[in-house]
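J.: Structure in structure tokens, see below.
Please treat every number below as a calculation from the coordinates, not as lab data. Not measured: the values here are computed from a predicted model. Positions of Cβ are backbone-derived with ideal geometry, glycine not excepted, and every protein chain shown enters the neighbour counts.
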Amino acid sequence: MTSPIAQAVHSKAQSAGLSTVTVLESQQYYYRRGRNRISTGYQVSFRGTAEQEEAFKGSLEGTEAEDLDFIRISLGQGEVCPAFTLVATADGIERVFPWSTEDPKVYLIDFWATWCRPCQGPMAHNQEMLERNPDWEGQVEIVTISMDEDKETVEQLIKAVGWTKVSSYWAGDFRAPVPTLFTIEGIPTCLLVKQGKILWRGHPSERKLEEDIQHLLTHDSLPVEITPPSFVLAEEEKQASLDKAKLLLSTLDGLRICSAPFFFYIEKVTLTSEGVTRLSEFTLCGGFLGKCRPEVDAVFQTLKETFPNATSRCSFYKVLPPIHKGERCNVCAHIFSPADTQYLCVHCEPAHYHCQACEDLPREGHGSAKLAHPHSLYVLYPEANHLDELIIGSNLPKDPDLNEDPEERRHGECGCDNGSACGGAVVGVRYHCAQCPTFDLCAECEAAFRGSMPEDQKARITAAGHLFSHVLVKIPFPLKDYGYASNEE
């Protein structure tokens, strides 16, 4: 049964003249390291004109439904792909994509950006698919559409990482004509097109795209998927099942964790003109070293006994070659003691070490000249351990040798993970955890974490998986090549 809010929203949307109205009511149970959160949300999707949409939103003002998420349905499965024009990143020449029912070629369209970390894996997979299938030449084209500020940044990354087999184009930001045409609100977003028709649209992780493309070479539609049966726990079973999941999750605490595991259980009630449907989702998330996969898989299989439709979004990371603490500073020859913080160059061979005093020493000049060493550095605090379990470091791009201070000091590809206290931006020096794949601190919060930071903020950081003993990578200037290897297996 849907709530009165959902029923009222559906009725008002239809009264405003909108069509294909769907109201999704969801209740989410989130659990991470002893912390529970329960929330209810509503989302309404529809087709209609901008005027109809405004009339609909106006009818909700002053009601409980005023702050709903609204989605005007964009071009999707089964619709004719509209013509559009893009700019090639290699030479700046415009290309028109007219689309035709007579065109037998299979197209994979991928909206992405160089600054979007989740986009990098799918982009690399696009290149790998084309390399593995040379027989696709002339029959398949992967059209990658960048939403960066300029095409030069895109082409620089394409060349740096060797994505030479994709057809690379630039569209502009989210407000540009082509992203607006497809109502692109998040990336990566992909489409499969054949004979001018959109056969699928969604996140690249939703499908086995290589198998889909191979199928479409001899068929005009995707294989029919069997929809799994809906699974919703009875109210009396729900709490006992969630308590069991919490207990199972706690068994992962002894593993080498890159990001703290958590789960969320969502019950969804969908209201359309055809009726009401109910389903649930259980998802396990977290980041672990690759060697922990058997233990995590065993926990996940046990969870599936309680939640048959459970899915895993856990990531497993390969380990870089181990690093070691040094004996003396290469700058002033200070002999290190166990109480010293050491700085080790991420890239240099033979290894370069220097001490805290040399790191803090003021220097004249600009750009790299102001640094004790011109590259990113591992920060080895006295408490640093597990130096053979780093996943971030030498896979970072090498720092540029700068003669002048960069105009842009903001690290645009990341934010400070203590953002509620500092505002969230990382400007100046960036501290990137070598043992947590997506954890960053600005210089102010890194100093506070090791000193005067309030205990509730420290607790929030450690609950996310970042520990006092972790090694940090100190990155002095923004790295222009954001497409470094994630080291994910």
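J.: Enumerate the amide H contacts of V426 below 5 Å, restricted to partners 5 or more residues apart or on another chain; note that Pro and chain-start residues carry no placed amide H.
T.: Sorted by chain and number, the residues that satisfy this are H411, C416.
J.: Consider a paramagnetic label point 7 Å from the Cα of E305 along Cα→Cβ; state which residues of region 279-299 have an amide N under 17 Å from it.
T.: 295-299
J.: Testing the spin-label approximation: label points 7 Å from Cα along Cα→Cβ at D69 and H125. State their distance in nm.
T.: 2.1 nm
J.: Please work out the Cα convex hull volume for the chain and give it in Å³ per residue.
T.: 188 Å³
J.: So, one more: For region 84-216, what is the percent of antiparallel DSSP beta bridges, rounded to the nearest 5? Don't skip to the end; give the middle numbers.
T.: Values: 17 of 28 bridges.
If we restrict to bridges inside region 84-216, about 60 percent are antiparallel.
J.: Which lysines have a Cα less than 25 Å from the Cα of K105, not counting those fewer than 8 places away in the same chain?
T.: K165, K194, K197, K208
J.: Okay, moving on. By how many degrees, 0 to 90 and rounded to 10, does the Cα axis of helix 4-15 deviate from the longest principal axis of the chain?
T.: Once rounded, one gets 60 degrees.
J.: Based solely on C-alpha atoms, express the radius of gyration and the Dmax of region 342-475 in angstrom.
T.: Rg, Dmax (Cα atoms, Å): 14.7, 41.
J.: May I ask you to compute the full-extension gain from D91 to K208, defined as 0.36 nm times their residue separation minus their alpha-carbon distance, rounded to one decimal in nm?
T.: My answer for the length gained is 38.9 nm.
J.: Give the lysines reachable from K370 as a straight Cα distance under 27 Å; neighbours fewer than 8 places away on the same chain don't count.
T.: Within reach: K325, K398, K474, K480.
J.: Can you give the FRET efficiency to the nearest 0.05 for K159 and S273, using r as the Cβ-Cβ distance and R₀ = 45 Å? Walk me through the numbers on the way to the answer.
T.: Details: r = 51 Å, r/R0 = 1.14.
After rounding, the FRET efficiency stands at 0.30.
J.: Using unit Cβ charges (K, R positive; D, E negative) and no other charged atoms, how large, in debye to the nearest 20, is the dipole of the chain about its Cα centre? Walk me through the numbers before you get to the answer.
T.: Working: 45 positive and 69 negative charges, 187 e Å.
Dipole of the chain, to the nearest 20 debye: 900 debye.
J.: What length, rounded to one decimal in nm, is gained on full extension from A463 through to E61, with 0.36 nm per residue of separation minus their alpha-carbon distance?
T.: 140.9 nm
J.: What nm value, rounded to one decimal, do you get for the distance between E455 and H334 when each label is placed 7 Å out toward the C-beta?
T.: Taking the simple label geometry, E455 and H334 are separated by 3.2 nm.
J.: Then there is this: Under 14 Å from the Cβ of A459, count the other residues' Cβ atoms, weight Lys and Arg +1, Asp and Glu -1, and hand me the total.
T.: +2
J.: Using only the Cα atoms, what convex hull volume per residue in Å³ does region 158-313 have?
T.: Details: hull volume 32.7 nm³, N = 156.
For region 158-313, the hull spanned by Cα atoms encloses 210 Å³ per residue.
J.: Using the Karplus equation 6.51 cos²θ - 1.76 cosθ + 1.60 (θ = phi - 60°), what ³J(HN,Hα) coupling, rounded to whole Hz, does each residue of region 115-125 give in order, writing x for Gly and Pro?
T.: 3J(HN,Hα) across region 115-125, in whole Hz: 7, 8, 4, x, 7, 5, x, x, 5, 4, 5.
J.: What full-extension length gain, to one decimal in nm, is calculated for C285 and H215 as 0.36 nm per residue of separation minus the Cα-Cα distance?
T.: Gain in length upon complete extension: 22.1 nm.
J.: Please turn the phi angles of region 452-463 into ³J(HN,Hα) values with the Karplus equation 6.51 cos²θ - 1.76 cosθ + 1.60 (θ = phi - 60°), one per residue in order, whole Hz, x for glycine and proline.
T.: 8, 4, x, 4, 5, 5, 4, 5, 5, 5, 5, 5
J.: Could I ask something else about it? What distance in nm separates the two pseudo spin-label positions at A234 and A351, each 7 Å out from Cα along the beta-carbon direction?
T.: Output for this residue pair reads 6.1 nm.
J.: If you don't mind, another one. Quote the relative contact order of the chain in percent (integer), defining contacts as alpha-carbon pairs under 8 Å separated by 6+ residues.
T.: For the chain, the relative contact order is 13 percent.
J.: Follow-up. Please list, in chain and number order, the residues 5+ apart from C81 or on another chain whose amide H is under 5 Å from its amide H, with Hs placed from the backbone.
T.: K197, I198
J.: Which net charge results when you count Lys and Arg as +1 and Asp and Glu as -1 among the other residues whose beta-carbon is under 14 Å from that of H386? Display every interim value, and only then the final one.
T.: On the way: positive: R256, K291, K325; negative: E383, D388, E389.
Combined, the nearby Lys, Arg, Asp and Glu give 0.
J.: Pull the list of the chain cysteines that no other Cys approaches to under 4.7 Å, Cβ to Cβ.
T.: C81, C190, C258, C285, C292, C314, C332, C358, C414, C422, C445
J.: Next question. Tabulate in residue order the Karplus-calculated ³J(HN,Hα) for region 373-388, using 6.51 cos²θ - 1.76 cosθ + 1.60 with θ = phi - 60°, rounded to whole Hz; enter x for Gly and Pro.
T.: Rounded to whole hertz, the list is 8, x, 10, 4, 10, 6, 9, 9, 5, x, 7, 4, 9, 6, 6, 9.
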